[in-house]
Amino acid sequence: MKTKTGGRLAALDGLRGLAALIVLAHHAMYTNPTFPGTPGAGNVQTGSPMWWITYTPLKLATAGWESVIVFFVLSGLVVSLPVVRSRGFDWVAYFPRRVVRLMVPVMGAALVAAAFVVAIPQRSTQPDGTWLSDSSTPNFSWEYIVKAWDLLGGDGQIDNPLWSLRWELVFSLALPVIAIAAIAVRKWWMAGLIAASVLTWLGVRTDSGALSYLPAFFVGAVVAVRLDAVRQFADRMNRRRWRHPLWFLMAFGGSMLMIAPWLMGQNSGDAPELVFALKGLAPLAAAAIVVAAIGWKPLHLLLESRPLQFAGTISFSLYLVHVPILIFSTYLFAGQPWFVPLLFGVPVAILVAVGFTWLVEKRSHGWSRAVGAWASERYASWFGREEVVADRAEPGERPETERTADRPAVERAKADARS
């Protein structure tokens, strides 16, 4: 399978891009007040277009919450991989690098969001409780920007997707614990995945954010620890005569499991415990999709196609900036049929994401490396550490060699990280 610089799996970039496009479609549909926000919510007529895109397998095209779970599993995989592969992982460099890597785009996205919020009055004519009404900011003040920057305790009112960045940051800070836990269950990985599913169920059952989302990162870390075994499994599968039906069953089955609460139909609200149990399986379903993307040639060729690779390149930026633009477009074309603003808002969101990727996100990569290198060098000079090995916490970034007292050790550690 094709890889990118530094051994990055290109198919996972495409999967991330596809997930970002699905989240974009999810929020675009949310501008229609009849679009059900949760399984069993709303009141759509059976057989209507809204029913078809909500309660059938077509839901995959607008499965926003489920795509975020895929994001979390992918983050757990790619961020944990250098940790579990490198004997000389530089934790001193990692923490400031990761914080800068996340927070610079977040701060930039909050400013972009503020610009679109103040560009037009946001006084919703939709009933209270609808997504557009709840996500609008009719009385904007500069405090909203500060609250958006505060991922741990703030308020993402002006940019709805920031809620998930809170858990990305928490995972990043808790990476040593999560990585150790994933390594500890290397031989008992199935028990670890079952435990993650149980914790996720407890989280959605009790409305606990930490338990609802952090297990998904752990599942990704387990995949990172077991990546060689995953590849061996894929090799064995690909030697079988029925490999394509088997891989399809894994990919399609995982996708259907992700949206299973929706497939229960409009009466799913009558069985909340079953919905909670199915949501508890979402990280495992996402992991199945990730494994299929790694091992099934037709799928990873699709994910390595130019459109999805392009989407993967701008996926983080698109995720951060699209909601304020969709809301702005809805107010700009107020009074028009609900889909008319999307004809303007969706292309604008993609164009802004391209510019944001170039202007902010790519520069955050360089700044994060510089901050990590500075922190590592300062630590070495203050405490006399013998060697400093550059980590590669951000997948796809080229590792830079830092000043060390033992150059060969650095090269060995980097070779281990690439193996």
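Nothing charged except the Cβ atoms of Lys and Arg (+1) and of Asp and Glu (-1): what's the magnitude of the dipole of region 1-127 about its Cα centre? Round to the nearest 20 debye. Mind showing how you got there, number by number?
On the way: 11 positive and 3 negative charges, 100 e Å.
For region 1-127, the charge dipole is close to 480 debye.
Considering amide H positions built from the backbone, and no H for Pro or chain starts, which residues 5 or more places from LEU9, or on another chain, come under 5 Å of its amide H?
Placed amide hydrogens put LYS4 under 5 Å from LEU9.
For ALA229, what charge total do you get from the other residues with a beta carbon under 12 Å from its beta carbon, if Lys and Arg give +1 and Asp and Glu give -1?
Working: positive: ARG186, LYS187, ARG226, ARG231, ARG236; negative: ASP228, ASP235.
Local charge sum for ALA229: +3.
Helix by helix, which DSSP H runs in the chain go 18 Å or more along their axis at the Cα atoms and have an average Kyte-Doolittle hydropathy of 0.0 or more? Don't skip to the end; give the middle numbers.
Numbers: long enough: 10-30 (31 Å, 1.14); 64-85 (32 Å, 1.69); 91-118 (41 Å, 1.50); 189-206 (25 Å, 1.24); 209-225 (25 Å, 1.92); 243-258 (22 Å, 0.79); 282-295 (20 Å, 2.27); 306-332 (33 Å, 1.11); 340-356 (25 Å, 2.48); 362-383 (32 Å, -0.81).
Length and hydropathy pass: 10-30, 64-85, 91-118, 189-206, 209-225, 243-258, 282-295, 306-332, 340-356.
Would you please give the FRET efficiency between TRP163 and ALA334, computed as 1/(1 + (r/R0)^6) with r the Cβ-Cβ distance and R0 = 45 Å, to the nearest 0.05? Kindly include the intermediate steps, with their values, before the conclusion.
Working: r = 26 Å, r/R0 = 0.58.
Efficiency for this residue pair is about 0.95.
Tell me, what is the percent relative contact order of the chain, built from C-alpha pairs under 8 Å that lie six or more residues apart? Let's see the in-between values first.
Details: 657 pairs, mean separation 127.9, N = 419.
Taking the mean separation of contacting Cα pairs over the length of the chain, I get 31 percent.
Does the chain come out rounded, prolate or oblate, given a ≥ b ≥ c as the square roots of the eigenvalues of its C-alpha gyration tensor, rounded meaning a/c under 1.5 and, failing that, prolate meaning a/b above b/c? Mind showing how you got there, number by number?
Details: a/c = 1.85, a/b = 1.28, b/c = 1.45.
Cα axes put the chain in the oblate bin.
Taking the Cα centre of the chain as origin, work out the dipole magnitude from +1 charges on Lys and Arg Cβ and -1 charges on Asp and Glu Cβ, in debye rounded to 20.
Details: 38 positive and 28 negative charges, 334 e Å.
So the magnitude is around 1600 debye.
Which order do GLU377, GLU143 take when ranked by solvent-accessible area (1.4 Å probe, heavy atoms of all protein chains), largest first? Intermediate results must be reported in sequence, preceding the final value.
Working: GLU377 50, GLU143 75 Å².
Correct descending sequence by accessible area is GLU143, GLU377.
Find the relative contact order for region 227-298 and round it to a whole percent, using C-alpha pairs within less than 8 Å whose residues are 6+ positions apart.
Numbers: 47 pairs, mean separation 34.0, N = 72.
It rounds to 47 percent for region 227-298.
Quick one: grab the alpha carbon gyration tensor of region 52-150, order the square roots of its eigenvalues as a ≥ b ≥ c, and give me rounded if a/c is under 1.5, else prolate or oblate depending on whether a/b is larger than b/c. Don't skip to the end; give the middle numbers.
On the way: a/c = 4.17, a/b = 1.41, b/c = 2.97.
In terms of gyration-tensor shape, oblate.
Under a point-charge model restricted to the Cβ atoms of Lys and Arg (+1) and Asp and Glu (-1), what is the dipole moment magnitude of region 58-154 relative to its Cα centre, in debye to the nearest 20?
Values: 8 positive and 6 negative charges, 94 e Å.
Here the size comes out at about 460 debye.
Put +1 on the Cβ of every Lys and Arg and -1 on every Asp and Glu Cβ in region 190-317; which of LEU246, GLY203, ALA191 then has its Cα farthest towards the positive end of the dipole?
So the residue furthest toward the plus end is LEU246.
Per DSSP H run of at least 4 residues, take -39500 (n - 2.57); add these up for the chain, divide by its residues and hand me the 222 nm value, nearest 500 deg cm²/dmol.
Working: 20 runs with 287 residues, N = 419.
For the chain, the value works out to -22000 deg cm²/dmol.
Select from ALA353, ALA288, TRP149 the residue farthest towards the positive end of the dipole of the chain; place +1 on Cβ of Lys and Arg, -1 on Cβ of Asp and Glu, and compute about the Cα centre.
Highest projection toward the positive end goes to ALA288.
Rank MET107, TYR94, ILE120 by how far each Cα sits towards the positive end of the charge dipole of region 68-158 (+1 on Lys, Arg Cβ; -1 on Asp, Glu Cβ) and give me just the farthest.
So the residue we want is TYR94.
Within the set of other residues whose C-beta is less than 13 Å from the C-beta of MET264, count the net charge using Lys and Arg as +1 and Asp and Glu as -1.
0
The values are calculated or read from the model by the stated rules, or taken from the named source; none is laboratory data. In this text the structure is predicted, and so the values were computed from the model without any measurement. Cβ sites come from the backbone with ideal geometry, for glycine too, and all protein chains shown count toward neighbours. Each accessible area value is taken on the protein alone, full model and side chains, heavy atoms only, with ligands, DNA and RNA left out. Shrake-Rupley method; radii C 1.70, N 1.55, O 1.52, S 1.80 Å.
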